[in-house]
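Trainee: Let me give you the structure first, and then I'll get to my questions.
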Amino acid sequence: QPSYAALRITPGKREELLQLLDSKEIHYRLSDISEAVRLNGSILPASLPGFRQGLCTVQSESSILVGSMVKRFYEGGAILDMCSGRGVKAGQFLQDCPDSQIECWDISEPRLKSAEGEFSRLGLSGRTKLRAGDAVNLVPEESPSFVVLDAPCSCSGTWTRKPESKWRLDWAKLDGLAGLQVKLLDHAVNICEPGGYVLYITCSLLKHENENITAQILVKHPDCTDVSSLIGWKGSMFRKGKPYGMYIWPRNSWLDGFYCALILRRK
């Protein structure tokens, strides 16, 4: 199916953004998600009115929904984004939790440089600590109360718009990804403060990378429990995992397939 762009609106900038889109005759529709707008096609971010001014961010609706969990469950303290990439979700966390400080890790220094530019564009500089390195081995400067792990995965949830990607996946690669995901999630749980949350995310629809990984960690860490059912899922786009976590299915052009599990480390 065709891939269309969705925009995450910067808090307090909704009317300004919509007026700007109207003035440039860019066709859009309001999303079912209050903080999102749907475009009727794809677009380069740099050519999008309001992008450079920090009024919006190009981000799939699935990613916005998953990222909004931080705002719902954050109770203060440090936030750690273990595989931050170019900082799209981290920017959302900073906007949603205005009193927060976030430490961002990524193995790629160029991606972290892009994240730095993203935070500057949104007016969020000075609230992040960016560190390059292997997230399996890094130790946070401050013990986090909320850990976000958007883990490397097969990206099978994006196959509706990237169907050629499925031919690049085989069992050896999938097993390698699963092994890495277990190590990353195990580390995330170990460094999370007691009473804090770990949000495990993939853009995969394969149980091998999702429920199976969550199950291994819950067995290894009896002080942890899956509390994904507390989130209060919106509408029919969510489906319960079997038995852990939740899925978002790519049922329209603004959604990718996502899996997420919210894990509480009990005190």
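Trainee: Within the set of pairs 6+ apart or on separate chains, which have a first residue in segment 148-169 that is closer than 30 Å to CYS192 by Cβ and open to solvent by 40 Å² or more (accessible area, probe 1.4 Å), a second that is of a type in the set (Gly, Ala, Ser) and modelled with pLDDT under 90, and C-beta atoms under 8 Å apart?
Mentor: Qualifying pairs under 8 Å: CYS155/SER165.
Trainee: Go through (1) out of contact with any strand residue (DSSP E or B) (no Cβ under 7 Å at 6 or more places or on another chain); (2) closer than 25 Å to VAL148 by Cα for GLN19 and report which single condition fails.
Mentor: (2)
Trainee: Give me a count of the residues in segment 85-121 that are surrounded by fewer than 17 Cβ atoms within 10 Å (Cβ to Cβ), outside any helix (DSSP H, G or I) and either of a type in the set (Gly, Ala, Ser) or at pLDDT 95 or above (or both).
Mentor: 2
For every residue, the table says whether it meets (1) among the acidic types (Asp, Glu); (2) part of a strand (DSSP E or B); (3) closer than 30 Å to SER42 by Cα.
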residue	(1), (2), (3)
PHE146	no, yes, no
PRO152	no, no, yes
GLY157	no, no, yes
THR160	no, no, yes
LEU180	no, no, no
HIS187	no, no, no
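Trainee: Now a separate question. Consider segment 122-147. How many of its residues are touching a strand residue (DSSP E or B) at 6+ places or on another chain (Cβ under 8 Å) and open to solvent by less than 70 Å² (accessible area, probe 1.4 Å)?
Mentor: 15
Trainee: Just to be sure I understand, how many residues within segment 27-52 are open to solvent by less than 40 Å² (accessible area, probe 1.4 Å) and farther than 22 Å from GLY67 by Cα?
Mentor: Matching residues across segment 27-52 total 3.
Trainee: Now for a different question. From LEU184, LEU199, which residue is open to solvent by less than 20 Å² (accessible area, probe 1.4 Å), more than 21 Å from PRO243 (Cβ to Cβ), touching a residue at least 12 places away in the same chain (Cβ under 8 Å) and of a type outside the set (Val, Ile, Thr)?
Mentor: LEU184 is the lone residue from the list that is open to solvent by less than 20 Å² (accessible area, probe 1.4 Å), more than 21 Å from PRO243 (Cβ to Cβ), touching a residue at least 12 places away in the same chain (Cβ under 8 Å) and of a type outside the set (Val, Ile, Thr).
The values are calculated or read from the model by the stated rules, or taken from the named source; none is laboratory data. Predicted model, so just to flag it, every value in this text is computed and none were measured. As a convention, Cβ positions derive from the backbone with ideal geometry for all residues, glycine included, and neighbour counts pool all protein chains shown. Ligands, DNA and RNA are stripped out before the accessible areas are found, and what is left, the full protein with its side chains, is counted by its heavy atoms. Shrake-Rupley method; radii C 1.70, N 1.55, O 1.52, S 1.80 Å.
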